[in-house]
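Below is one structure; the comments refer to it alone.
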Amino acid sequence: MVAGKMEFYNSLKAIFLHLDNAEKAFLSQFNLSVPRFYTLFHIYNHPGINYMDLTDLLLCTKSNTTRIVRSLQKEGLIDRKNHPDDGRSFQLFLTDAGKDLYERIYPQYVAHVNKLMSHFSDAELNRYSLVSFHIENTLAEAILGGYSAQAEPSSRYSPQNLQEQNSPPHCEAEMSIYQGEKPNYSNLIKGEKI
């Protein structure tokens with residue numbers, strides 16, 4: 001059992017490293033690191049976001065967020081303003097230069113992701129998305145939510161419970177714990193063709 005867990009963990013880690021390396025290579029042409037790109041991404045999509053919320057979205061420490069924001073500020077890509085309701089807090093916005101950069105990069109980023117994902121059929125993308133959402137949710141709960149590694153996983157997500165569902169799996173929206181949405185795993189049927 002331990003060997004199977006390590007094999008699975010190593011597979012997840014390898015997937016992450018492949019995707020991370022591909023993102024690093026893509027973003028390097030714009031002189032951006034992955035955290036700097038996602039900082040622009042989150043501020044673009046959440047104008048006026050504060051440091052704490054940005055830190056949560058980036059899954060990093062407040063000091064790392066501060067360092068990234070300062071770097072982007074020095075380059076004239078981010079503006080920091082006092083929060084109108086809380087003088088101790090700041091809101092973050094993209095400058096015109098930051099918006100221009102993001103709007104130039106993002107369509108190319110989407111094309112880059114589409115090219116990578118084009119190696120999978122629609123059926124595979126649907127199945128793998130549901131499985132990855134389940135993995136993401138389970139690990140986020142285990143790591144961030146005080147979930148005990150010794151405890152049994154929720155029966156709602158057990159393979160037997162998921163196999164007993166009759167309707168075919170589907171994935172209609174991009175969902176992520178980072179957006180505060182939880183996907184519905186009840187239609188995942190392990191091993192059944194979509």
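The values are calculated or read from the model by the stated rules, or taken from the named source; none is laboratory data. All values reported here derive from a predicted model rather than from experimental measurement. For neighbour counting, all protein chains shown are included, and Cβ atoms are generated from backbone atoms with ideal geometry for every residue, glycine included.
Each row is one residue, and each column tells you yes or no for (1) assigned by TED's automatic domain parsing to the domain that holds Ser71; (2) at positive phi; (3) touching a strand residue (DSSP E or B) at 6+ places or on another chain (Cβ under 8 Å).
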| position | (1), (2), (3) |
| --- | --- |
| Phe8 | no, no, no |
| Leu19 | yes, no, no |
| Ala22 | yes, no, no |
| Val34 | yes, no, no |
| Phe41 | yes, no, no |
| Tyr44 | yes, no, yes |
| Pro47 | yes, no, yes |
| Met52 | yes, no, no |
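Hey, does the range 43-56 have a residue that's surrounded by 14 or more Cβ atoms within 10 Å (Cβ to Cβ) and within 15 Å of Ser33 (Cα to Cα)? Scanning the range 43-56, I find no residue that is surrounded by 14 or more Cβ atoms within 10 Å (Cβ to Cβ) and within 15 Å of Ser33 (Cα to Cα), so the answer is no.
Looking across Leu12, Leu59, one residue alone is surrounded by 10 or more Cβ atoms within 10 Å (Cβ to Cβ) and either at negative phi or among the acidic types (Asp, Glu) (or both). It is Leu12.
If the condition is being in a loop (DSSP other than H, G, I, E, B) and surrounded by 13 or more Cβ atoms within 10 Å (Cβ to Cβ), then the range 71-82 contributes Glu75, Leu77.
Counting only residues that are closer than 30 Å to Lys5 by Cα and surrounded by 13 or more Cβ atoms within 10 Å (Cβ to Cβ), the range 96-122 holds 3 of them.
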